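Q: Before I ask anything, here is the structure I am working with.
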């Protein structure tokens, strides 16, 4: 008998494994989707802070609570604080608020200007922390744009100095723990307004009409692909019914699934192949009439805000995000994040 699954076995597994998934068996349920969203936010925050300060800064989500003045004072203290509103529009829309003590904002600002984090709070901190959180919002919008498969961008930020605490009332809040090397850890609060909470829920919780949860079909094999794999596995079986050695029949790895399936020599043969690498600053749609009207000095507005990361593309596939820098009078790109291997595999389909 062949050691591979038959078509009937595969169909049976698909029907039993994905047809009646219960909400309690899905990791991203309606109870914890905001913490998952906050974890993604802290990942982007760590990338930005590490890049701007040159320090090892780690951020992670903590307690989740419903916002009110007492809870904010409990977690942050009653000293002066800064709160920055970061509006998101497009595929994910709503407003994200980040609130922190002024003294902690001064730490981040001092680190950004290459200090040791000990400088006291001053009025300059307001502009500095707004710029830092603008870049965090830009990175987060880029992440959400990829997750939602649509457009997502940030609007103009609004800084509140010791006022507007009422904006946090009755909204979902998550405590963010920030750990900086050689500096005592501190916390800030991420607040998701009602619109943003509902918008994120649509992205993180995929509910089916029957009340259960549906799986992302983009990551599953199609029926044609299953048929092809089944035919391939059957061809590996010898006439006597015993399976032929798989290694002898598969000298190279399947495209997009890593090099662990192939002998090292096969991978070495590919290392000198040249690839086209391009940097995409942004895109826009304009009419033919507008193209014909273009002249020296004309402005073309792109769909990306100033400060947002640019796309590093290899063979027209996005593999990384970066920021534009100048190196010896030439433009360059500093990598700030890489597209996950899973996303790269999915982009090849």
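Q: Taking the condition closer than 12 Å to residue 97 by Cβ and touching a residue at least 40 places away in the same chain (Cβ under 8 Å), does residue 146 pass?
A: So residue 146 does not fit the description; no.
Q: Is it fair to say residue 27 is at pLDDT 70 or above and either within 24 Å of the chain's Cα centre (by Cα) or assigned to a helix (DSSP H, G or I) (or both)?
A: For residue 27, the condition - at pLDDT 70 or above and either within 24 Å of the chain's Cα centre (by Cα) or assigned to a helix (DSSP H, G or I) (or both) - is not met.
Q: Now for a separate question. Residue check: is residue 321 outside the structural domain of residue 49 (by TED's automatic domain parsing), surrounded by 11 or more Cβ atoms within 10 Å (Cβ to Cβ) and out of contact with any strand residue (DSSP E or B) (no Cβ under 8 Å at 6 or more places or on another chain)?
A: no
Q: Can you tell me which residue among 105, 119 is over 21 Å from the mean Cα position of the chain (by Cα) and buried (at least 18 other Cβ atoms within 10 Å of the Cβ)?
A: 105
Q: Sticking with this structure for a sec: Being under 20 Å from residue 160 (Cβ atoms) and either touching a strand residue (DSSP E or B) at 6+ places or on another chain (Cβ under 9 Å) or surrounded by fewer than 17 Cβ atoms within 10 Å (Cβ to Cβ) (or both) is true for just one of 73, 50, 139. Which residue is that?
A: The unique qualifying residue is 73.
Q: Among the residues of the range 171-188, what is the count of those that are in a loop (DSSP other than H, G, I, E, B) and either at negative phi or modelled with pLDDT of 85 or more (or both)?
A: Looking only at that region, the number is 2.
Q: A further question follows. So if I check each of 133, 168, 111, which one is buried (at least 16 other Cβ atoms within 10 Å of the Cβ), modelled with pLDDT under 85 and touching a strand residue (DSSP E or B) at 6+ places or on another chain (Cβ under 8 Å)?
A: When all the criteria are applied, what remains is 168.
The values are calculated or read from the model by the stated rules, or taken from the named source; none is laboratory data. Values in this document were obtained by computation on a predicted structure and should not be read as measured data. Backbone-built Cβ (ideal geometry, glycine too); neighbour counts: all protein chains shown.
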